[in-house]
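Only one structure is covered here, and it is reproduced in the block below.
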Amino acid sequence: MSSDESSYGTEEQMYEVEEILAKKFSKGRIKYFVKWVGYDSAQNTWEPKDHLPIGMVIEFEDNLKKNKKEKFCKNSF
């Protein structure tokens, strides 16, 4: 993924998403816990979907579904 696809912010102030770590529902909206490139983990923030690169959100959601499916299959036996 290019830095253009993983960046958020204005031209003056650009933040690059390193990784989406978690997901939660807050006030009826989905938010994602984001690790930012160049920042300590203590600086991670909860962000709405529209603040994030759609490709990274899709990849996170696909992995989440895959992990839930694998967990369900392991617990089925």
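The values are calculated or read from the model by the stated rules, or taken from the named source; none is laboratory data. These figures come from a predicted structure and were not determined experimentally. Note that we place each Cβ from the backbone using ideal geometry, even for glycine, and neighbour counts take in every protein chain shown.
Looking across segment 3-57, the residues that are more than 26 Å from Asn67 (Cβ to Cβ), of a type in the set (Gly, Ala, Ser) and either at pLDDT 95 or above or in a loop (DSSP other than H, G, I, E, B) (or both) come down to Ser3, Gly38. Restricting attention to segment 19-38, the residues being in contact (Cβ under 8 Å) with a residue 24 or more places away in the chain and aromatic (Phe, Trp, Tyr) number 1. The listed residues are Met14, Met56, and the only one of them that is loosely packed, with under 15 Cβ neighbours inside 10 Å and not hydroxyl-bearing (Ser, Thr, Tyr) turns out to be Met14.
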